[in-house]
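In what follows, a single structure is set out as structure tokens and then discussed.
The values are calculated or read from the model by the stated rules, or taken from the named source; none is laboratory data. Owing to the predicted nature of the structure, the values given are computational and were not obtained by experimental measurement. FYI the Cβ positions are ideal-geometry reconstructions off the backbone, even for glycines, and counts take in every protein chain you see. To get the accessible areas, we keep the full protein, side chains included, count just its heavy atoms, and leave off ligands, DNA and RNA. Shrake-Rupley method; radii C 1.70, N 1.55, O 1.52, S 1.80 Å.
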Amino acid sequence: MATWPRLAAALWAALTSALLAATHSPAARAEDGYELWLRYHPLESAAAAVYRAAAGELVVQGDTPSLAAARDELARGLEGLLGGEVPLSEGVTRDGAIVVGTPASSPIVRGLALDLGALGPEGYMLASREIGGRAATVVAANTGVGALYGAFHFLRLIQTQASIDDLAITSAPRVRLRLLNHWDNLDGYVERGYAGASIWDWRMLPDYRDPRYTDYARAAASVGINGVSLTNVNADATVLTPEYLDRVAALADVLRPYGVRVYLTARFSAPVEIGGLATADPLDPQVRAWWAEKAEEIYARAPDFGGFLVKANSEGQPGPQDYGRSHAEGANMLADALAPHGGVVMWRAFVYASDNPDDRHKQAYDELAPLDGEFRDNVLIQVKNGPIDFQPREPFHPLFGAMPETPLMLEVQITKEYLGFATHLAYLGPLWEEALDADTHARGEGSTVGRVIDGSLHGYAITGMAGVSNVGADRNWTGSHFDQANWYAFARLAWDHELDAEAIAEEWARMTFSNEDALVAPVVAMMMRSREAVVDYMTPLGLHHLMATGHHYGPGPWVDDLGRPDWNPTYYHRADADGLGFDRTAAGSGALAQYAPELQEMWGDPETVPESLLLWFHHVPWDHEMESGRTLWEELVHAYSRGVATVAGMRETWASLEGYVDPERFAQVAAFLAIQEREARWWRDACLAYFQTFAQRPFPEGYEPPAQTLEHYMAIEHPYAPGETRPQ
Ligand code: GCV
């Protein structure tokens, strides 16, 4: 019979073990998202035991900063995941050694004579080997940074509970320059930023180096990002002054061990604004000398400085055309200044002129394609994925495939300026995959955008891909937990554009939330539907740029009074009594002629163009019969309604996952999904109320009419919506 003290002791034991279980269960611990996908929380004990056997000791030979970073990350990750420290060792002394190094740094790696030749400076190998009769896993590369990337891959295998037996993995990036572009102003404001202020604290730098910079670098390296452009492309020349260059150098120091180089946005008029010159004409010898000297100053502080990113002669930014010079003359002048130091110029193709009344779709192509072959070897042209501006769906930019003699980089937008800011759940992996897999037909079938930017189609000597960052000072970095997936997916695709967006989503979900299939499968399914849902409830069937003015938050298809025609949504949708859509065939703006003949043929006919791009290229009668048998008007109502229904379904899915995710993150995602559903309805109702005034047709049976009048939607204002362009 239990005595009282015994009973009390038993009760106490039961209570403490329940408490312990609750605090150790990954689902129970409150999390704020700071750890990103590098959480390294303990695996459940059976899984941990399996991996512990294969991770008996850590043998990192070599002491470069990057190898030290690899060692520290492995030690931290393994300790967290396996629930105990993994001893460091000088050599292999037991089964389960993890050996990390390069042939130069590590006698063991050298002795194994691994074939690392094809891996280049950033690739790595993960290989199971016997060393001195002991089972070991080798993480080998030609450089410390390659080994660091390999270390992250090895940790990912454990985080996602993949097998680490019989490893024979090699991986090398397909694209050389993989950058995040921050649109961060020097006062801490982030243009198109929805995750708080800039993480760069210019006031405290260079003296205080926020530990967060190191965590940023770890996250970047974990997915192979190797460059960061620190400042907004709507640039402020102040960053090029010596005081700021000292701060830039401090950031470069922090990021360097992680293989991340810094780049700056160069304001074209800097020689006038901070240099005291009378002109910034790129052919003026004094201007050329000023930039050459500026480059010297920068490289004296940061010898591995990456180069300049430039927005010129676009949206009010200064540029070579202010002096009657071409984009090539402007880019080449900067390229000449950087060339002696090994830097590059990333010259943006997002150019459209205020005095050019032609379809904005055509302007970048018309200006830049004729300059093919005129750029210096260290210039890349950075081209957005589509010809307008990061819309939920666009056809690929016609410059891809049209500049065989000039390296073209792809620029995508990770921050969701046009896809619902941070509150809407929209996984962008499928959007970028669609862009990368698009066939330009430049050299026959299979000439995908991915093959243009990885250089394999035209033999480019330099290659690159950039993503406009969604990182800010919010604890969870990206403003919402699911937007972390977009940072992650961008980088994974920049490393290898042939990776599958769904597989990337799964990897991310396992590391970010939990390995339980009951969570992973529905979360991945929800992510994979999410971007198409946004297309449906904002801009279905090839509609584009219907967003409200300036901040781009919410619908504004009726806006028609802005200074330039192509800033108005009415310019893009062209709704009238006959129909809807922008005729870009030869009978219209003629933009279609910028694509390969195969695409002109397919996209030029409303019967053969994919319906997802129908209204991008055609003005279509309201009664046009769609594949479904519905009329265009009915299909529009259907698509908008489907978008809302998908979000409602996503909410239900998420609600069913309570208990699999810690309460803090669960609640935020649930609240954001509720906002998204409300805003999806707002988009649907506002757009349909507006388009109905042209279609003059009733709502098809079974579809709810808008909840409010058109006047109601038109009166909505959001004066303080975040992220707008701000003069610096
Ligand atoms: C940095 C769009 C955005 C602007 C951005 C511009 C660009 O127009 O709305 O905020 O400016 O693209 O890519 O340069």
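S354 fulfils the conditions (1) within 16 Å of the ligand (Cβ to nearest atom); (2) open to solvent by 10 Å² or more (accessible area, probe 1.4 Å); (3) without any contact (Cβ under 8 Å) to a residue 60 or more places away in the chain; (4) among the small types (G, A, S) except for a single criterion, (3). Selection of the range 357-369 for residues being in a helix (DSSP H, G or I) and more than 16 Å from the ligand (Cβ to nearest atom) yields K362, Y365, D366, A369. When P522 is tested against (1) closer than 30 Å to S163 by Cα; (2) touching a strand residue (DSSP E or B) at 6+ places or on another chain (Cβ under 9 Å); (3) of a type outside the set (A, V, I, L, M), just one condition goes unmet, and that condition is (2).
Taken over the range 538-579, residues that are within 16 Å of the ligand (Cβ to nearest atom), surrounded by 18 or more Cβ atoms within 10 Å (Cβ to Cβ) and either in a helix (DSSP H, G or I) or aliphatic (A, V, I, L, M) (or both) amount to 8.
For the range 192-201, the criterion of a residue being open to solvent by 20 Å² or more (accessible area, probe 1.4 Å), of a type outside the set (A, V, I, L, M, F, W, C) and either away from the ligand (no atom under 16 Å from the Cβ) or over 20 Å from W477 (Cα atoms) (or both) is satisfied by at least one position. Without any contact (Cβ under 8 Å) to a residue 40 or more places away in the chain and out of contact with any Phe, Trp or Tyr (no Cβ under 8 Å at 6 or more places or on another chain), is that true of E57? No. Within the range 405-443, the set of residues being free of Cβ contacts under 8 Å to residues at least 60 places away in the same chain and out of contact with any strand residue (DSSP E or B) (no Cβ under 6 Å at 6 or more places or on another chain) comprises E405, E434, A435, A438, R443. When A645, A670, A680, A686 are screened for being without any contact (Cβ under 8 Å) to a residue 24 or more places away in the chain, more than 16 Å from the ligand (Cβ to nearest atom), part of a helix (DSSP H, G or I) and in contact with a Phe, Trp or Tyr (Cβ under 7 Å, 6 or more places away or on another chain), only A670 passes. The set of residues from the range 380-417 being of a type outside the set (D, E, K, R), part of a loop (DSSP other than H, G, I, E, B) and over 30 Å from G479 (Cα atoms) comprises P398, L399, F400, G401, A402, M403, P404, T406, P407.
Regarding the range 699-719, can at least one residue be identified that is in contact (Cβ under 8 Å) with a residue 12 or more places away in the chain, within 16 Å of the ligand (Cβ to nearest atom) and not basic (K, R)? Taking every residue of the range 699-719 in turn, at least one turns out to be in contact (Cβ under 8 Å) with a residue 12 or more places away in the chain, within 16 Å of the ligand (Cβ to nearest atom) and not basic (K, R). Residue check: H397 meets all listed conditions (1) farther than 30 Å from A197 by Cβ; (2) more than 14 Å from the ligand (Cβ to nearest atom) but one, namely (2).
Of all residues in the range 587-630, those satisfying the criterion of being in contact (Cβ under 8 Å) with a residue 60 or more places away in the chain and of a type in the set (S, T, N, Q) are S589, Q594, S612.
Has the range 506-515 got any residue that is at pLDDT below 95 and touching a His at 6+ places or on another chain (Cβ under 9 Å)? Checked against the condition, which is being at pLDDT below 95 and touching a His at 6+ places or on another chain (Cβ under 9 Å), the range 506-515 yields no hits at all.
Restricting Y418, Y427 to those that are at pLDDT 95 or above, within 16 Å of the ligand (Cβ to nearest atom) and of a type in the set (F, W, Y) reduces the list to Y418. Take the conditions (1) surrounded by fewer than 24 Cβ atoms within 10 Å (Cβ to Cβ); (2) away from the ligand (no atom under 16 Å from the Cβ); (3) under 27 Å from the mean Cα position of the chain (by Cα); E315 misses just one of them, which is (2).
Would you confirm whether or not the range 375-386 contains a residue that is within 30 Å of A548 (Cβ to Cβ), under 14 Å from the mean Cα position of the chain (by Cα), within 16 Å of the ligand (Cβ to nearest atom) and not aliphatic (A, V, I, L, M)? Yes, some residue in the range 375-386 is within 30 Å of A548 (Cβ to Cβ), under 14 Å from the mean Cα position of the chain (by Cα), within 16 Å of the ligand (Cβ to nearest atom) and not aliphatic (A, V, I, L, M). When the range 332-348 is filtered for residues that are in a loop (DSSP other than H, G, I, E, B) and either buried (at least 24 other Cβ atoms within 10 Å of the Cβ) or acidic (D, E) (or both), nothing remains. Put simply, of Y189, Y216, Y208 the only residue that is touching a residue at least 12 places away in the same chain (Cβ under 8 Å) and open to solvent by 10 Å² or more (accessible area, probe 1.4 Å) is Y189.
The listed residues are D246, D304, and the only one of them that is in contact with a strand residue (DSSP E or B) (Cβ under 8 Å, 6 or more places away or on another chain) and open to solvent by 30 Å² or more (accessible area, probe 1.4 Å) turns out to be D304. In the range 550-562, the residues that are over 15 Å from M538 (Cβ atoms) reach residues that are within 14 Å of the ligand (Cβ to nearest atom) and open to solvent by 40 Å² or more (accessible area, probe 1.4 Å) with C-beta atoms within less than 6 angstrom, at least six apart or across chains, in these pairs: G550/E724. Go through the range 281-331 and give me each residue that's under 12 Å from A266 (Cα atoms) and part of a loop (DSSP other than H, G, I, E, B). Result: K311, A312, Q317, P318, G319.
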